[in-house]
Ligand SMILES: Nc1ncnc2c1ncn2[C@@H]1O[C@H](COP(=O)(O)OP(=O)(O)OP(=O)(O)O)[C@@H](O)[C@H]1O
Ligand SMILES: Nc1ncnc2c1ncn2[C@@H]1O[C@H](COP(=O)(O)OP(=O)(O)OP(=O)(O)O)[C@@H](O)[C@H]1O
Ligand SMILES: [Mg+2]
Ligand SMILES: [Mg+2]
């Protein structure tokens, strides 16, 4: 449970995708989200599918982890499919039963849109499955650096993210500890009427809030004592390295984009 | 209330890839009125054992008996509340559990959860506050305005006010100054005697273990390494040292003295008073014999 | 040994906003280069407040502080922080990085040290605290003592001349405590560090070069461990305690064993008993 919270769903195995620079992965994801809308016929969807499965293969992430990511959204996909199925009209009438009419176009649109959803989810899960949260943070920070000119607090955001990541496990331990202390004082968190249960959260939340506040204060003092005074003039220890594979991967996506443009109808 | 653990095993996050055995094959008997000290390195499983004593954790193997209640692995355990009412637990840094607006409300929180009337609970709050050495004038204060040491005492009072038969203490004095440490340990000991409680203390202080406990259990890597009376445990100090554990200062001093003077005293002394008498006698006789 | 003050406090007063009492009142003393100074005192006696003032995390309402020859002001507080590293009590609340190496690098990043040099300094300081094998480890997989050693490495990486330990070992078990103190002792000897150790552990204080006793925001007494621990019962009144060897020495004297002075270590006392009492 705890480990799962910390890493999101990072699967630590050696693969080409794992070794990629988080920047290239982020760029690819952004592009992919855009170009998937180019697909509008069977050939283009086949290309997208081919690309997605190729990437999944490269990542070597076992199927069950992907499934874990899909599970919560599978209903959404199904729902979108049904929505399109029933309400898109056009082409031949395929099925007619009282108020329910299903058209050829409905099936096509339903399939396309849910497939689009499906591929999007697969590719974005691939990011979290192969990249640690801190790498994603680093990648985002570097990519967003130009925004600093617009006074956007890029460094602060990234620091905040990495500190939150650092403190998630600590906070989980703290929660567990306070919960146990209050259970020992007779609080029932898991049973009783709903009103009681909501009331039971107070003895958990207040101490948690107080201790987080204290933690934040101590952390701020410790950071200041170690010379922290904002992003100005700071160097970075964590380093990203853009390699051949990253260029190749971005190139591959560009090729995919061109193919999609050629083959879309 | 008699407590016994027999062959208790506990795995955190059982049946997941992160499963981890924290304690195994732990059997300890704690008859009513025992003062038991649990010692061992960090990570040896002391806190895990403690949490079994009021059913915060249910063993993954084995049985925990608390008075009439039997808590077993793989079964629905009912009436845990009754157990929790009888067993008060003071966690490490208990001041972290304070949350009410006033000290009084915080102290009566536990008792009232267990169905004690407000009037009775308030009476108990006063009583408990006196026991931990605080005055009634702080009843109306916010617990968050108190000093660290006072907060610690208020939190302890909150546990005492539940009138437990068993008191479970997880390093209750960490972070306090020497006087605070001493006062709180003495307070628990007085209470232990006066109310005929069973007390289970987790501590890194061998001095406290030697001074207060009737029984000592040493944990190592999740198992019970050794158990016995303080005299038994500390009579082979070199064994403890080999395990990387401390021995009480008195015992350490006796070891050093025996080595330097190449003598052996008749037994291991656990208090300064006894040891100094023995040494005085020895030196009076002259060591050269 | 010539004593050269590296820090001096002159009539320093400090009051937290909204508090009635002074947390520190009229505090004056010097800290000498290369010494190990222990600061002891009851809970709330103002020890941590003093540490915060020395590091410019708070500024006194009155009085003057000089660190390494520089008066402590808002302008040069950053230069002073480079000279003066701090390790705090709670191992968790000072671990900033997501891994050990990131945490050690944090201070270096703040100073704008080039990356190549950072890598060397991170490895070097982790080696000094014997944590070089944990470079990529995450904090929640480390013990308290290990986290504190990482914190020390983070301070060392900036090569300070003074290190302040504010109850840095009080949340650790005896083994963790010993690990940390041993590391600091070695470092002090090798690097000519000045160590200021705020502690409730009197056995540790007994090993210091000098002790300052705080009471209710004031310096109650300063002196060598011998001087301080001969205060005896007075210390207990101040909420403190006396080291074991002094206690047992007292008991010996009561039992008629003649001892000329206080012994601060057990070794000394044992030796005294051996030389003057066993084979005369
Ligand atoms: N919530 C948890 N999830 C997973 N593992 C845990 C959890 N709590 C403790 N452990 C593990 O169980 C083992 C025993 O831990 P426990 O806290 O009982 O030790 P302890 O003797 O109390 O140590 P300390 O002296 O540091 O308090 C350790 O290896 C620890 O890492
Ligand atoms: N942030 C704060 N705001 C207001 N008052 C404070 C603050 N921090 C400390 N104090 C008060 O200042 C006084 C000195 O506190 P300080 O933390 O310096 O004591 P200490 O000697 O370090 O104690 P301990 O041994 O408990 O760490 C205390 O009375 C305390 O209540
Ligand atoms: Mg524990
Ligand atoms: Mg302090």
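Working carefully through the options A:204, A:260, A:253, find the one that is assigned to a helix (DSSP H, G or I) and closer than 27 Å to residue B:105 by Cα. Steps first, please.
Working: A:260 fails: closer than 27 Å to residue B:105 by Cα; A:253 fails: closer than 27 Å to residue B:105 by Cα.
Only one candidate qualifies: A:204.
Where the second residue is assigned to a helix (DSSP H, G or I) and the first is within 11 Å of ligand 3 (Cβ to nearest atom) and lies in region B:31-46, which pairs have Cβ atoms under 6 Å and are six or more apart or on separate chains?
Going by the 6 Å Cβ cut-off, the qualifying pairs are B:38/B:46; B:40/B:46.
Within region C:226-238, track down each residue that is part of a helix (DSSP H, G or I) and in contact with a strand residue (DSSP E or B) (Cβ under 6 Å, 6 or more places away or on another chain). Don't jump to the end; show me each part of the working.
The initial filter retains those residues of region C:226-238 that are part of a helix (DSSP H, G or I), namely C:226-229, C:233-237.
Within region C:226-238, just C:228 meets the criteria.
Looking at (1) surrounded by fewer than 17 Cβ atoms within 10 Å (Cβ to Cβ); (2) within 16 Å of ligand 1 (Cβ to nearest atom), can you tell me which one residue C:112 breaks?
It is condition (2) that residue C:112 fails.
Any residue at all in region C:34-56 that's within 13 Å of chain A (Cβ to nearest Cβ), farther than 19 Å from residue C:215 by Cβ and away from ligand 4 (no atom under 16 Å from the Cβ)?
Within region C:34-56, one or more residues are within 13 Å of chain A (Cβ to nearest Cβ), farther than 19 Å from residue C:215 by Cβ and away from ligand 4 (no atom under 16 Å from the Cβ).
Out of (1) within 27 Å of residue A:188 (Cβ to Cβ); (2) free of Cβ contacts under 8 Å to residues at least 40 places away in the same chain; (3) within 16 Å of ligand 3 (Cβ to nearest atom), what's the single condition that is false for residue B:20?
For residue B:20, the exception is condition (1).
Going by the structure shown, is residue C:38 in contact (Cβ under 8 Å) with a residue 12 or more places away in the chain and not assigned by TED's automatic domain parsing to the domain that holds residue C:203? If you could, list the steps in order and put the result at the bottom.
Values: in contact (Cβ under 8 Å) with a residue 12 or more places away in the chain: yes; not assigned by TED's automatic domain parsing to the domain that holds residue C:203: no.
So residue C:38 fails the test.
Give just the number: which of (1) crowded, with 16+ Cβ neighbours inside 10 Å; (2) within 14 Å of chain C (Cβ to nearest Cβ) does residue B:50 not satisfy?
Every listed condition holds for residue B:50 apart from (2).
Within 14 Å of ligand 2 (Cβ to nearest atom), farther than 29 Å from residue A:168 by Cα, within 14 Å of another protein chain (Cβ to nearest Cβ) and surrounded by fewer than 20 Cβ atoms within 10 Å (Cβ to Cβ) - does that describe any residue in region C:87-94?
No, that holds for no residue.
Can you tell which of B:202, B:224, B:217 is within 23 Å of residue B:91 (Cβ to Cβ) and within 14 Å of chain C (Cβ to nearest Cβ)?
None of the others qualify; the one that does is B:202.
With the condition kept exactly as written, say whether any residue in region A:228-236 is within 14 Å of chain B (Cβ to nearest Cβ) and more than 27 Å from the chain's Cα centre (by Cα).
To start, the set of residues in region A:228-236 that are within 14 Å of chain B (Cβ to nearest Cβ) comprises none.
Within region A:228-236, none of the residues are within 14 Å of chain B (Cβ to nearest Cβ) and more than 27 Å from the chain's Cα centre (by Cα).
Answer with yes or no whether residue A:77 is farther than 29 Å from residue C:98 by Cα, under 18 Å from the mean Cα position of the chain (by Cα) and surrounded by 15 or more Cβ atoms within 10 Å (Cβ to Cβ).
Considered against the rule, which asks whether it is farther than 29 Å from residue C:98 by Cα, under 18 Å from the mean Cα position of the chain (by Cα) and surrounded by 15 or more Cβ atoms within 10 Å (Cβ to Cβ), residue A:77 comes out as yes.
From C:122, C:104, grab the single residue that is under 23 Å from residue C:51 (Cα atoms), modelled with pLDDT of 95 or more and crowded, with 21+ Cβ neighbours inside 10 Å. Spell out the reasoning first.
Values: C:122 fails: under 23 Å from residue C:51 (Cα atoms).
None of the others qualify; the one that does is C:104.
How many residues does region B:1-45 contain that are modelled with pLDDT of 95 or more, within 14 Å of ligand 1 (Cβ to nearest atom) and not in a strand (DSSP E or B)?
The qualifying residues number 0.
What do you reckon, is residue B:195 in the same structural domain as residue B:36 (by TED's automatic domain parsing), at pLDDT 95 or above and surrounded by fewer than 20 Cβ atoms within 10 Å (Cβ to Cβ)? Give the steps one after another, and end with the answer.
Values: in the same structural domain as residue B:36 (by TED's automatic domain parsing): yes; at pLDDT 95 or above: no; surrounded by fewer than 20 Cβ atoms within 10 Å (Cβ to Cβ): yes.
No, not satisfied.
So, residue C:169, is that one within 16 Å of ligand 1 (Cβ to nearest atom), in contact (Cβ under 8 Å) with a residue 24 or more places away in the chain and either more than 14 Å from chain B (Cβ to nearest Cβ) or farther than 28 Å from residue C:69 by Cβ (or both) or not?
On the way: within 16 Å of ligand 1 (Cβ to nearest atom): yes; in contact (Cβ under 8 Å) with a residue 24 or more places away in the chain: yes; either more than 14 Å from chain B (Cβ to nearest Cβ) or farther than 28 Å from residue C:69 by Cβ (or both): yes.
Here the answer is yes, as residue C:169 does meet what is asked.
Determine whether region A:231-239 contains at least one residue that is surrounded by 17 or more Cβ atoms within 10 Å (Cβ to Cβ) and assigned to a helix (DSSP H, G or I).
Within region A:231-239, not a single residue is surrounded by 17 or more Cβ atoms within 10 Å (Cβ to Cβ) and assigned to a helix (DSSP H, G or I).
So which helices (runs of 4 or more DSSP H) stay within region C:139-222 end to end and still have 3 or more residues that are within 16 Å of ligand 3 (Cβ to nearest atom)? So that I can check it myself, show each step before the final result.
Working: elements: C:144-156, C:174-191, C:202-206.
Result: C:144-156, C:174-191.
Could you list all residues from region B:137-171 that are within 16 Å of ligand 2 (Cβ to nearest atom) and within 17 Å of the chain's Cα centre (by Cα)? Please lay out each step first, then the result.
Applying the first criterion (within 16 Å of ligand 2 (Cβ to nearest atom)) to region B:137-171 yields B:138, B:141-155.
Within region B:137-171, B:152, B:153, B:155 meet the criteria.
The values are calculated or read from the model by the stated rules, or taken from the named source; none is laboratory data. Keep in mind that what you see is a predicted model, and the values were worked out from it rather than measured. Heads up, the Cβs are rebuilt from the backbone with ideal geometry, glycines too, and the neighbour counts pull from every protein chain shown.
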